[in-house]
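The values are calculated or read from the model by the stated rules, or taken from the named source; none is laboratory data. The structure displayed is predicted, hence computed values, not measured ones. In case anyone asks, the SASA skips ligands and DNA or RNA and just uses the protein heavy atoms, side chains included. Shrake-Rupley method; radii C 1.70, N 1.55, O 1.52, S 1.80 Å.
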Amino acid sequence: MIHQIAKELNQKQVSTKRGGQWRSNTVINILRNSNYTGDMLCQKTYRDDQYHRHFNQGELAQYLIEDHHPSLINHENFNRVQVLLKEAVKKRHIETGSHKYQQHYLFSGKIICGQCGTIFKRQTRPHKIYWACQQHLRSAQQCPTKAVSEASLKAAFCNMINKLVYSKKFLLQPLLEGLKEEANVNSDGQLISLTKQIKANDHKAETLTELMHAGLLDKAIYVNQTARLEQDTYQCQEKIKQLNGQNTDSANDFEDVRTLLRWCHQGKQLTEFDEGVFQEFVQQIVVNSSNKATFILKCGLTLPEKLNKNATIDGHFYRDIIKQRYNDPIKQTEYLYSIIESEGDLIG
């Protein structure tokens, strides 16, 4: 499963491109990235008359170049993965009962144990609904994470959303601008430079071939020089794939953050749980303990929130000074969010 892949990568200390922790949505973005098939979708972005770069939202036509660069996966396997991902989406909200029928629950498949990585199971108790780690249910010695009430998770989600609504100008707006700037930095210039290098290598290889056929170049020197050019071209192609992959990830994060910011701009504070809002923005919930859960949003943010037994929703938050702590926009936003605790807290 996707969360297991992310968990194993973190356990093996394999860092992401930003040097952070792997998340399920990061793995999904990689699995859905068609660049790894060797094809390249052109004109994902464009520049306006003032040379400002924008993500292409249908303003211009996009073009697919097949076999643009060496592939890491063939089209058959890539398409099989897309089918499996679609099937996983359909099954994500399904929980199998003891009588071999299926019931649909909003949180089914979305709550993960922060201790052992096991998916939580729904439990019905007198007057309350709980979600529990299946490993803990089998043996408390194997996993210490206790069950949490559904009401506390819903209240925590409302608090998380309300914090984002309240502080949208200080959290989400800078994040959106940071992601946009990150997508612009050096990528265009690097791609142009790498493409020129590949063309130059091809021209040199043709010249070497002509010289050898004319008897003006020793064969051993020809083989050595040609091998060097091929190696350099391969490295350039690999770098191009990496840059295209980064641009795709940045574009996905940018769009998801923009969608979240647009919703927050409505200024609607949640006074009760909204199922539609939850489905729109939440990828997973990681239950770290009986009093703490972490919401992993589809836009890439990982936001911890307290769980309280009373399942109360806070109404207001206080802001004074916000300081820059991280250069990475995702980390900076997660840091700022983490210090918004209550109305009386001082940020900064």
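Considering only alpha-carbon pairs that sit under 8 angstrom and 6 or more positions apart, the relative contact order computed for the range 116-230 is 12 percent.
Put the Cα centre of the range 17-43 next to the Cα centre of the range 107-151 and the gap is 31 Å. In order along the range 163-173, the phi-based Karplus estimate (6.51 cos²θ - 1.76 cosθ + 1.60, θ = phi - 60°) of 3J(HN,Hα) comes to 4, 5, 5, 5, 10, 4, 6, 9, 10, 6, 5 Hz; Gly and Pro are listed as x.
For the range 250-294, with all protein chains in place and a probe radius of 1.4 Å, 38% of the accessible heavy-atom surface sits on carbon or sulfur.
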